[in-house]
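Heads up, the thing below is written out as structure tokens.
Where a number appears in this text, it was derived from the coordinates with a stated rule and is not lab data. Note that this is a predicted model, so its numbers are computed, not measured. Please note: Cβ atoms are built from the backbone with ideal geometry, for glycine as well, and neighbour counts cover all protein chains shown.
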Amino acid sequence: MNLHETLSEIAADMAARTDRGQPADYIPELAAVNPAQFGISICLADGTQLSAGDSATPFSIQSVSKVFALAIALGRLGDQLWTRVRREPSGLAFNSILQLESEGGIPRNPFVNAGAIVTTDAALGQRPPKEYLAELLTFLRTAAADEDIHIDRAVARSETETGHRNFALAHFLKAHGNLTNPPDHVLGAYFHQCAVTMSVNQLARAGRFLAGLQHLIAPERARRINALMLTCGHYDGSGEFAFRVGLPGKSGVGGGILAIAPGRASIAVWSPGLNPQGNSQLGTEALEMLARRTGWSVFG
Ligand code: GLN
């Protein structure tokens with residue numbers, strides 16, 4: 001199999017699709033993104049990178065940022081983080097409030113919004129949000145070997161204005177004693193973290209440390225982040241994603257997905273239209289095609 005041809009075929013197939021899902025509309029800035037776009041990029045163990053489609057176009061990484069925030073939080077707190085957030089799939093939408101009340105303010109996992117807000121609070125520590133965001137950008141720029149990675153302030157502002165569910169979650173967490181910082185500070189950091197823009201070229205490179213292709217964090221920590229990506233990275237679509245693609249993956253409502261083929265490749269796809277679970281519709285289909293053709297599923 002010629003991987004470069006495979007990527008071109010996948011991009012051509014995706015360009016012809018008419019059913020592309022719906023871009024997120026609860027963040028007004030994201031609703032305005034043209035859904036006709038698709039990009040894919042792969043970094044391989046031999047150091048090469050292959051791309052096709054709109055691979056250099058920056059997009060809002062949104063919840064894909066939760067993976068990097070988790071790496072930073074674990075670096076600061078180590079296993080203590082797990083006293084504040086669990087490691088179980090939620091089976092519910094990314095922004096659900098339901099479990100948080102019945103489960104005493106301890107979110108199911110670091111990738112649902114409630115868990116990501118706790119993770120960002122932990123990554124923040126006692127620092128002003130600005131300092132944490134600078135650390136996050138340095139982490140991403142180092143991982144991607146590219147200084148041209150930034151925060152889109154218009155997206156952050158847009159979400160701050162409409163993010164009522166996240167405010168509800170943060171206040172609920174605070175009421176349960178599971179936030180050390182004021183809800184406004186944590187959400188300021190969280191909304192800006194979600195508003196980082198990257199292209200799939202940059203994102204695939206930034207994911208290499210999770211595939212074992214770059215040493216940025218301890219390998220056992222990367223292994224555990226992969227486990228959480230596989231079981232929780234697509235919210236109530238995580239089982240379906242594991243079934244269809246068979247790779248650890250993290251989606252964002254900007255339409256990006258970072259997928260990891262351990263030891264082999266870091267893969268980023270992007271297409272703004274989402275499926276009903278809030279995961280990129282064509283991104284998922286492209287990864288399914290790629291996994292089938294390469295045989296890279298972690299399940300053999
Ligand atoms: N910033 C978005 C939110 O908190 C991220 C959600 C996502 O990408 N799934 O709602």
Quiz prompt | Exposure proxy order (Cβ contacts within 10 Å, fewest to most) of ASP13, ASP79 | solution = ASP79, ASP13
Exercise. Quote the relative contact order of segment 35-156 in percent (integer), defining contacts as alpha-carbon pairs under 8 Å separated by 6+ residues.
Key: 21 percent
Quiz item: Any idea how far the Cα center of segment 2-22 sits from the one of segment 23-44, in Å?
Solution: 15 Å
Practice problem: Let me have the 222 nm mean residue ellipticity of the chain computed from DSSP H runs of 4+ only, each contributing -39500 (n - 2.57), with the sum over all residues rounded to the nearest 500. | Solution: -14000 deg cm²/dmol
Quiz prompt | Relative contact order (%) - criterion: Cα under 8 Å, at least six apart; region: segment 1-102 | solution = 19 percent
Practice problem: Report the relative contact order of the chain, percent, no decimals, based on alpha-carbon pairs under 8 angstrom and at least 6 residues apart. | Solution: 27 percent
Quiz item: What is the distance in Å between the Cα centres of segment 178-252 and segment 59-105?
Solution: 10 Å
Quiz item: What residues have an amide H closer than 5 Å to that of VAL196, excluding those fewer than 5 places away on the same chain, when H is modeled at 1.01 Å from N in the peptide plane?
Solution: ILE61, GLN62, ASP152
